[in-house]
Structure formats: C-alpha cells, structure tokens
Amino acid sequence: MAQASHLDGNLGTIAALVAADGSGAHPVARALAESSASIRDVADAIHALCMLHGRHPGAIDHAIASNDDDVAEAWLAEAAQAFTVERGYLAQLTAAAGPLPSTPGQAETEAAILAQRHALEMLAQSARTGCAIGASIALVLDWRAIRTMLDAAALRFGVLPAWLGLPLDADTMSLVAALSTSPGIERAMTFGAQQVLAQHRALWDLLDARRSARDDQ
C-alpha cells in the first residue's frame, strides 16, 4: 500500500487496488523480473504481452475515441503517446526474444489472450461514465510494474530500455479529482480499474500454467 500512500481520494482507491492486485503483487510477474528467470519463460511473457498490448489501437486509443469529457482529453493524449512508444518497445523485445517457446495448448492460449484483449477494448469503449478512464488509469499505474519486468528482459537481450513517458502521478491525481463529481462516477472508475487488473492477473496465471506445461513435457 506504500505505492498509494501519497495519493488522495478515488485515485488512492485505484492505486491501492493496483498495489494489492496489480502486476507488481503477482509472484509470476515478480519472478520474471529476476535475473534468474528462465529465458524461455521471459520470452513467453513478452510474446503474450505483445499480443495483449502491442497492437494499435490499444485500450487507451479506444478510450480517446469514446471520450466526451474535455477534462480527460490531455491526459489520455499523453497516455496514448506513451503507449505508442511502449508498443514499439514490445515489438523490439519480441524480436530480440526470438521464437515463441513450444508449449502445449498454444491455440487455446492465443484464444484466451485475444479474449482478454477484447475485454480491455470493451472496457475502454464503455458508455458508463468513468469506466473507460478508470480502466486507462489502472493500465497506466500497473504498467510501471510490467515495465520492471520488460526492462529486466531488455538488459538480458541486449536491448536499450525505452524511455517511459507515462503521465505523472500528480497529473493523474488532478484528473481523478476533476472527474470524481459523483459517487456513481467514482464507482464506475473503480470498476474499470478492477477489470483491467483482473485481466492482467489472468495473463500472469496463464503464463504460469504455460511454464508448468513446458516443464512437464
């Protein structure tokens, strides 16, 4: 919860969710950031993340397209620009990681990740006021932990880590304060955040199952 201690209001709620349920709290994500992690497990994670977040338009791009609130426009534009860099970084790491490790159930894995991507897109296009921006905020906050794993992989693959241009926490806090005009909107933002974190947890769980399947071959 220290990650959220300096944040107030609804952003504090979302940041607390990220600290408790986000990628940084998942043992698989943490293990993959260690120098002792299996290269094929790291490569598998990079390929999966590229499938989930490496295509355009991404979740934040969809949120921009569905956004009708001028207050969120600048923040979303900054986040979308940052994720343009992240997509390029994922593509670079995927190339450096080499072929996808041979794993039983590959077709089922691809179907599961595509379903997760579709779920993120639906959240980003939700007509429920606050849902899309809450999802985008959770993605931005959780991405920092994901970048820890990606940067560790980059160093092992001889790739220079990309500059991380995500919106500052202070700017995100200002945005949430401006948008939190009713309990209903706050609940919708929290719901969007929870759903993004659930998709990320499901991805790490899937990668763990794939690791086990490879070990059993």
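Quick note: the coordinates plus some simple rules give every number you see, no bench work behind them. Predicted model, so just to flag it, every value in this text is computed and none were measured. Note: ideal-geometry Cβ built from the backbone for every residue, glycine included; neighbour counts use all protein chains shown.
Observations on the model:
- Region 164-209 - Kirkwood radius from inverse mean 1/r over Cα pairs (Å): 12.6
- Both the radius of gyration and Dmax for region 87-143 are 15.0, 43 Å, in that order, over alpha-carbon atoms.
- In this Cβ point-charge picture (+1 for Lys and Arg, -1 for Asp and Glu), the chain has a dipole of about 480 debye about its Cα centre.
- Taken one residue at a time, the phi angles of region 145-161 give Karplus couplings (6.51, -1.76, 1.60, θ = phi - 60°) of 5, 5, 5, 4, 5, 5, 5, 5, 5, 4, 5, 6, 8, x, 10, 6, x Hz. Gly and Pro are set to x.
- Reported to the nearest whole Å, the Cα centre-to-centre distance from region 21-64 to region 86-148 is 7.
- Computed packing ranks the peptides 143-150, 121-128 as 143-150, 121-128, most packed first, by mean other Cβ atoms within 10 Å.
- Across q = 0.08, 0.10, 0.17 Å⁻¹, the chain modelled as identical point scatterers on its alpha-carbon atoms has Debye log10 I(q)/I(0) values of -0.27, -0.42, -1.17, in the order of the q list.
- Most tightly packed first, judged by the mean number of other beta-carbon atoms within 10 Å of their residues, the peptides 207-215, 56-64 read 56-64, 207-215.
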